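> Below is the structure I would like to discuss, written out as structure tokens.
No lab work stands behind these numbers, since they all come straight from the coordinates. Note that the structure is predicted; figures quoted are calculated from it, not measured.
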Amino acid sequence: PTDRKIRFAYAIFVSPNDAPWRIYRLLKAIYHEDDFFFLHFDGFRLYSDEHDSAKDEEANSKSFQAVVELCKPFIDKGNVRVEGIFDVSWGGVSMLNAEIATA
């Protein structure tokens, strides 16, 4: 909860394949102190083999940390929130669950 007036609220879905600098540039371009930003970080499977799922988790975690570190100046202002990794099937119920979790 905040006492400040919110002009717009953005829900931005980020893929581990998105370059962290692109997310930073997007925030820099649309950022306004009266807006609120929810960044949902999508889980992604690079490897179809279950034995390689640890590689997926490691790659997703590194991408997530890179986005958080690069966007830290925005996060520190208090109106940008980065949510953890959710495995989303685009157009499916899991996408709705990820949106609800960011609220």
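> How about residue 77: which lysines have a C-alpha closer than 29 Å to its C-alpha, ignoring those fewer than 8 places off in the same chain?
Cα-Cα hits under 29 Å: 5, 28, 62.
> Search the structure for amide H atoms under 5 Å from the amide H of residue 13, placed 1.01 Å from N in the peptide plane, and list their residues when 5 or more places away or on another chain.
Here the answer is 40, since their amide H atoms fall under 5 Å of that of residue 13.
> Something else now. Given the Cα-Cα distance of residue 96 and residue 4 and 0.36 nm per residue of separation, how much length would full extension add, in nm?
Net length gain for the segment: 30.4 nm.
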